[in-house]
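Structure first, commentary second.
Every number in this text was worked out from the coordinates using simple rules, so none of it is lab data. Please read these numbers as outputs of a predicted model, since none were measured by experiment. As a convention, Cβ positions derive from the backbone with ideal geometry for all residues, glycine included, and neighbour counts pool all protein chains shown.
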Amino acid sequence: MSELTLEWREAVKSRIEKILDQQPSKNPGTIRLGRHPDLCDILFPNDEKISRLHAEIFFNCEQNSFYLRKLPEGKRPLIVDGEIITHGEVSLRQGSTIILGETEIKVVAVFVDLAYGLICPNIKCRNPDKRRIVDPKHLLEGCPWCGTSLAAAQSFHRS
Ligand SMILES: [Zn+2]
């Protein structure tokens, strides 16, 4: 399971929220950020510059990445790593900074599930031009191209 961790200061203490790729939420498929208690999953009660329904975060399985999108109801700018996001969506990386209202949210950790395949450890299969990714079902029998054991193989993830 993939996971994104956000941290920000609220009043005098810091607040941490973790978002999972398949987390149940009020709007299925996305985690909404804002000030409306019935519509949002992550609430910012102390920041009046944040709209009732300001932005949402979701996991894109094809890109294997978490994304942030501004919602039409978000009245004030949404800024990610210094860029104002007016439409479309932006991928979130570890270390990204999101400015929502007057709150600065840091993406402190991004964990993307690596269980998509195995990288054959044999140097002949690790040529960067044709790095061979093996389906995990071959774990016991070894690499289908060269027969090398996959017991210590690293997992592959799309980046
Ligand atoms: Zn191989």
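Residue order for THR5, THR30, fewest other beta carbons within 10 angstrom first, comes to THR5, THR30. Here the spin labels are modelled as points 7 Å beyond Cα on the Cα-Cβ line, and at ALA109 and ASN27 they lie 2.7 nm apart.
The alpha-carbon atoms of the chain define a convex hull whose volume equals 134 cubic angstrom per residue. Among ALA109, ALA55, ALA11, the largest mean-square fluctuation in a Gaussian network model of the chain, built with springs joining Cα atoms closer than 10 Å, belongs to ALA11. For segment 67-84, list residues with backbone N below 15 Å from a point placed 7 Å from the Cα of LEU39 toward its Cβ? Residues 70-76 qualify, since their backbone N sits under 15 Å from the label point. Among the lysines of the chain, pairs that are 8 or more positions apart or on different chains and have alpha carbons within less than 16 Å of each other number 5. Evaluated with a Cβ-only charge set (Lys, Arg +1; Asp, Glu -1), segment 3-111 carries a dipole of roughly 240 debye about its Cα centre, given to the nearest 20. In the chain, a dipole from Cβ-located charges (positive for Lys and Arg, negative for Asp and Glu) runs towards its positive end, and of LEU6, LEU39, PRO136 it is PRO136 whose Cα lies farthest in that direction.
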